[in-house]
1. Output the number of residues of the stretch 53-76 satisfying the condition of being within 12 Å of the chain's Cα centre (by Cα) and of a type in the set (A, V, I, L, M, F, W, C).
2. Can you name every residue in the stretch 15-51 that is surrounded by 13 or more Cβ atoms within 10 Å (Cβ to Cβ) and farther than 21 Å from I68 by Cβ?
3. What are the residues in the stretch 55-77 that are in a helix (DSSP H, G or I) and out of contact with any helix residue (DSSP H, G or I) (no Cβ under 6 Å at 6 or more places or on another chain), if any?
4. Please go through the stretch 1-14 and give me each residue that is among the charged types (D, E, K, R) and either at pLDDT below 90 or surrounded by 14 or more Cβ atoms within 10 Å (Cβ to Cβ) (or both), ordered by number.
5. If you scan the stretch 1-29, which residues turn out to be of a type in the set (A, V, I, L, M) and either touching a residue at least 24 places away in the same chain (Cβ under 8 Å) or within 16 Å of L63 (Cα to Cα) (or both)?
6. How many residues does the stretch 52-65 contain that are surrounded by 13 or more Cβ atoms within 10 Å (Cβ to Cβ) and either among the aromatic types (F, W, Y) or touching a residue at least 12 places away in the same chain (Cβ under 8 Å) (or both)?
7. Do we find a residue being in contact (Cβ under 8 Å) with a residue 24 or more places away in the chain and not acidic (D, E) anywhere in the stretch 30-48?
Amino acid sequence: MSLLHKFQQKEFWINVLKVGLPFFIIVTIIILFMNNGKAIISGDFETVYQANFANQKWIRFWLIKIVISLGYGMYITNKNMK
């Protein structure tokens, strides 16, 4: 079945979410701890906010993870659907 036919199936997009959402959550947690682990552990969330979300940094922070997670979910779902 071609990729375009899979895009038209509701089951495809449900599976993309089932794969992409956990990936998104895990990647977000890992990236936050890699960049600001000491601040998170010490409870200094102002530093985390300034490093990742202030001055419209949140757009890049979330957009990159959403696009990567969606791409990963689509790739894995396409690979596993027959």
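The values are calculated or read from the model by the stated rules, or taken from the named source; none is laboratory data. For clarity, every value in this text was computed on a predicted model and none was experimentally measured. Note: ideal-geometry Cβ built from the backbone for every residue, glycine included; neighbour counts use all protein chains shown.
1. Number of matching residues: 8.
2. Scanning the stretch 15-51 gives A39, I40, D44, T47, Y49, Q50.
3. Looking only at the stretch 55-77, we keep the residues that are in a helix (DSSP H, G or I), and these are 57-77.
If the condition is that a residue be in a helix (DSSP H, G or I) and out of contact with any helix residue (DSSP H, G or I) (no Cβ under 6 Å at 6 or more places or on another chain), then K57, W58, I59, R60, W62, L63, I64, I66, V67, I68, G71, Y75 are the ones that fit.
4. Taking the stretch 1-14 and keeping what is among the charged types (D, E, K, R), we get 6, 10-11.
If the condition is that a residue be among the charged types (D, E, K, R) and either at pLDDT below 90 or surrounded by 14 or more Cβ atoms within 10 Å (Cβ to Cβ) (or both), then K6 is the only one that fits.
5. The initial filter retains those residues of the stretch 1-29 that are of a type in the set (A, V, I, L, M), namely 1, 3-4, 14, 16-17, 19, 21, 25-27, 29.
Answer for the stretch 1-29, where residues must be of a type in the set (A, V, I, L, M) and either touching a residue at least 24 places away in the same chain (Cβ under 8 Å) or within 16 Å of L63 (Cα to Cα) (or both): M1, L3, V16, L17, V19, L21, I25, I26, V27, I29.
6. So the count comes out to 5.
7. Narrowing the stretch 30-48 to residues in contact (Cβ under 8 Å) with a residue 24 or more places away in the chain: 31.
Right, trim to not acidic (D, E) and you get 31.
Yes.
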